[in-house]
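Quick notes on the structure that follows.
What follows is calculated from the coordinates using simple rules that are stated; it is not laboratory data. What you are looking at is a predicted structure, and each value in this text was computed from that prediction instead of being measured. Neighbour counts are summed over all protein chains in view; Cβ atoms, including those assigned to glycine, are modelled from backbone coordinates with ideal geometry.
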Amino acid sequence: MWLVVLLLAIIVCLAGVIRLRLVDLPLERDEGEYAYAGQLMLQGIPPYKLAYNMKLPGTYAAYAVIMAVFGQTTRGIHLGLIATNGITIVLVYFLGRRLFGQVCGLTAAAAYALMTLSDSVLGLAAHATHFVTLFAMAGMLLLLNSAKTDRALPVFWSGVSFGLAFVMKQPGVFFGIFGGLVILWHELRRRPFLVRRLLARLSIFSIGAVVPIAVVVGVLSVAGVFHQFWFWTFDYAGQYVGHLTIFQGWEEFKVIASRIITHSAGIWVLTAAGLVVSLVGKRTRSAGLMALAFLVASFAAACPGYYFRRHYFIPLLPAAAVFAGAGIEAIWQLVPPKWLPKVWLTGAMLVALLIAFGQTVHRHRRLFFQLSPNEASWALYGRPNPFPEAVAIGDYVREHSKPDARVVVVGSEPEIYFYSQRHSATGFIYMYPLMETQKYAVEMQRQAIQEIEQAKPDFLVFVAVPWSWMQRESSSTEIMEWAQKYIQTDFDQVGLIDIQAEQSVYRWGEQAVAAIPRSPHYLRIFKRLDFSY
């Protein structure tokens, strides 16, 4: 037992050490959104009041808790991610052990730790999918442990866990559906079969799942932002998921899936082998079917809208890791000692794991051991994305303004609001919805313009980076044309960051007044003409 605890601790610590080296990795856009919304919550400002977005508020609350514990910094957020990932690694171990055995649990924990470090799933960023996975894993374990008992409490808390997975992000609903089907499956197989018992367990589970949702609705209603919450998370979200066809999604899926598999090819070979072995073997078939169902639910959570972003696949990794461990466990259990002594068998399995895990480590060696946080950001997201540059802008605004100053970013870089510790002049912290081909786009642009003009921001940041706009041929350019006129009449340029191929050139103050960017990718920082500090 102590050896197992030691090995699990080593797995968690090694993953944490790699993450700790890059703990100052600049926030990307999603992280910036969560951090800013969480920062506002710590100030007593509810979600959807000063920051609009279609995501449910669970991850905002998770960030608020993390920042309350570790601090309102990039480092604090990523320390929270280290803790979240470490807990999930332990839960993956327990799931593997529960389904297939001790060896599977340890192998699965190591496989999950490595795969969630991969750049193929952007695992170093504190995306909502990490929190969805954490609560889905908790719900899964509680459900399995309650399957053959009549105790109501584990079923209730399993429902609560799956409900929390949903409020972290809408696709988490598929795990709740999965949980209900698991209860149905187990009850149909129990003897004697009792309809009353089935209905009771489903009711208890459903009540638990609804509790987090009811709390969210209640809190937001009391805060007076329920209308905004409903519009963004349901009305607008319904428009968002209808952009891509299944054929466009399939093309995107092939690219992302290929990248994920090749970056951890050895582990995925073990996963495929474990899936086959677990379903073929009579003793492991039931557990294999359960893990497969969990994998299907995880994949379903990645599918809404057919966008298939890299981090959407993080919830698939626990099931994939468990299957990787299942193959190793099957060999350990099924190969008779007369065929191969346990010592030799242990050595052979360790070599197989070393090769599989070593391939992932070797593939990511520069990211894990060499790149600085800024270099890692450029490697992960591409050079023009201004994530390191956003840190400097936030620092400048914070150092040159009072806490009650207002800022507007004409672009989609919400991390600047977080770094500057200043409130946004509009709730539209992303320009993406304004550029989309959806029925609210033009109305949103006009609402954003009205909010900005009423707030009279002290600083304006204009982002000339295509990925900060995602403009389409059919996009209205009304807000861009307005911004150019607004800047000319009300602002002076006080900063220019020219994102050139090799490095960014920073100009501030007098050096920036008449500066012109040489690159097509840049950020311009403006101060209101009548602003004084």
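Spelling out what I want: for every residue of the stretch 509-514, take phi, set θ = phi - 60°, compute 6.51 cos²θ - 1.76 cosθ + 1.60 (Karplus), and round to whole Hz; glycine and proline get x.
Using θ = phi - 60°, the values come out as x, 5, 5, 8, 3, 10 Hz.
Per DSSP H run of n ≥ 4, the term is -39500 (n - 2.57); total these for the chain, divide by its residue number, and report the mean residue ellipticity at 222 nm rounded to 500 deg cm²/dmol.
-20000 deg cm²/dmol, from helical runs alone.
Taking θ as phi - 60°, what are the ³J(HN,Hα) couplings along the stretch 273-279 by the Karplus curve (6.51, -1.76, 1.60), each to the nearest whole Hz, with x for Gly and Pro?
Result, ordered by residue: 5, x, 4, 5, 4, 5, 7 Hz.
Counting only Cα atoms, I'd like the Rg/Rh figure for the stretch 381-528, Kirkwood definition for Rh.
0.94
Can you give the charge dipole size of the chain about its Cα centre, rounded to the nearest 20 debye, using +1 on the beta carbon of Lys and Arg and -1 on the beta carbon of Asp and Glu?
It works out to roughly 2660 debye.
Just for the chain, what percent of DSSP beta bridges are antiparallel, to the closest 5?
75
Please list, in order along the stretch 474-479, the HN-Hα scalar couplings obtained from phi with the Karplus expression 6.51 cos²θ - 1.76 cosθ + 1.60 (θ = phi - 60°), rounded to whole Hz, x for Gly and Pro.
Whole-Hz 3J(HN,Hα) from phi for the stretch 474-479: 8, 5, 6, 10, 4, 6.
For residue 418, what charge total do you get from the other residues with a beta carbon under 9 Å from its beta carbon, if Lys and Arg give +1 and Asp and Glu give -1?
That sum, taken over residues with Cβ under 9 Å, equals -3.
Please label the shape of the stretch 361-432 as rounded, prolate or oblate, based on the square roots a ≥ b ≥ c of the eigenvalues of the alpha-carbon gyration tensor (a/c under 1.5 means rounded; beyond that, a/b larger than b/c means prolate, else oblate).
Prolate is the answer for the stretch 361-432, as a/c is 1.5 or above and a/b outweighs b/c.
Using amide H atoms built 1.01 Å from N in the peptide plane, name the residues 5+ places from residue 406, or on other chains, whose amide H lies under 5 Å from its own.
For residue 406, whose amide H was placed from the backbone, the distant partners under 5 Å are 458, 459.
Rounded to the nearest 0.05, what FRET efficiency do residue 259 and residue 439 have when you use their Cβ-Cβ distance and R0 = 30 Å?
With a Förster radius of 30 Å, E is 0.35.
Want the number for residue 241 to residue 506: 0.36 nm per residue separation, take away the alpha-carbon distance, what's left?
91.6 nm
For a footprinting-style exposure proxy, rank 346, 129, 59, 149 by other Cβ within 10 Å, fewest first.
In order of increasing Cβ crowding within 10 Å: 149, 346, 59, 129.
How many times 2.2 N^0.38 Å is the alpha carbon radius of gyration of the stretch 29-367?
Normalised by 2.2 N^0.38 Å, the Cα Rg of the stretch 29-367 equals 1.03.
Do the alpha carbons of any pairs in 148/282; 148/254; 49/169; 55/148; 55/527; 169/439 sit beyond 29 Å of each other, and which pairs?
148/254; 55/148; 55/527
Would you work out which of 176, 215, 253 lies farthest towards the positive end of the dipole of the chain? Charges go on Cβ: Lys and Arg +1, Asp and Glu -1.
Checking the options against the dipole of the chain, the answer is 176.
Around residue 128, under 12 Å between beta carbons, what's the net of Lys plus Arg minus Asp minus Glu among the other residues?
0
Lys and Arg at +1, Asp and Glu at -1: add these up for the other residues within a Cβ distance under 12 Å of residue 438 and post the number.
That works out to -1.
Full extension from residue 487 to residue 346: what is 0.36 nm times the residue separation minus their Cα-Cα distance, to one decimal in nm?
My answer for the length gained is 43.9 nm.
Kindly identify the stretch 74-153 as rounded, prolate or oblate by the Cα gyration tensor criterion: order the square roots of the eigenvalues as a ≥ b ≥ c, call it rounded if a/c is under 1.5, otherwise compare a/b with b/c, prolate if a/b is larger, else oblate.
Oblate, because a/c is 1.5 or more while a/b does not exceed b/c.
Positive end of the charge dipole of the chain (Lys, Arg +1 and Asp, Glu -1 on Cβ, about the Cα centre): tell me which of 121, 378, 284 has its Cα farthest that way.
My answer, from the dipole projection, is 284.
So what is the relative contact order for the chain, in percent, with contacts set as C-alpha pairs under 8 Å and at least six apart?
16 percent.
Under the 0.36 nm per residue contour assumption, what length would be gained going from the current alpha-carbon distance of residue 289 and residue 199 to full extension?
So the extension gain works out to 30.1 nm.
Where does each of 140, 67 land when they are ranked from fewest to most other beta-carbon atoms within 10 angstrom?
Neighbour counts put them in this order, fewest first: 67, 140.
Give me the angle, in degrees from 0 to 90, between the Cα long axis of helix 58-70 and the longest principal axis of the Cα atoms of the chain, rounded to the nearest 10.
Computed tilt is about 80 degrees.
Just the ratio, please: alpha-carbon radius of gyration of the stretch 307-455 over 2.2 N^0.38 Å, N its number of residues.
1.72
What is the fewest-to-most order of 40, 56 by other Cβ atoms lying within 10 Å of their Cβ?
Lowest count first: 40, 56.
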